[in-house]
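Report on one structure; see the data block that follows.
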Amino acid sequence: MVQLATIATIGFGSTLVLSGAISVGALSACTLIVGRFLAQSQTLVQISSRVQVTLTPPPNDATDVTPWPIGGGGPSSG
């Protein structure tokens, strides 16, 4: 995602440089700012994903009971 945004920033910014609207230094600064912003955003998404996994309750083992086959085979058959 960061790479795609960098390519888009440089692509759009290069048209502005060629038209004389901004300088190469301004394009370089914008590319740096976009990259840092998206890196921080990506870190925030990773942290929120970890928090969500941590706060998800474990499955209830009482509902995950596998029934014994008909005709025995349970723990008391012996």
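We did not get these values from a lab; they are worked out from the coordinates using the rules stated. Just so we're clear, the structure is a prediction, and the values are computed from it rather than from any experiment.
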message: From the C-alpha coordinates alone, can you work out the Kirkwood hydrodynamic radius of segment 2-55, in Å?
response: 12.5 Å
task: Give me the number: length gained by fully extending residue 5 to residue 17, i.e. 0.36 nm times residue separation minus the C-alpha to C-alpha distance, one decimal in nm.
output: 2.6 nm
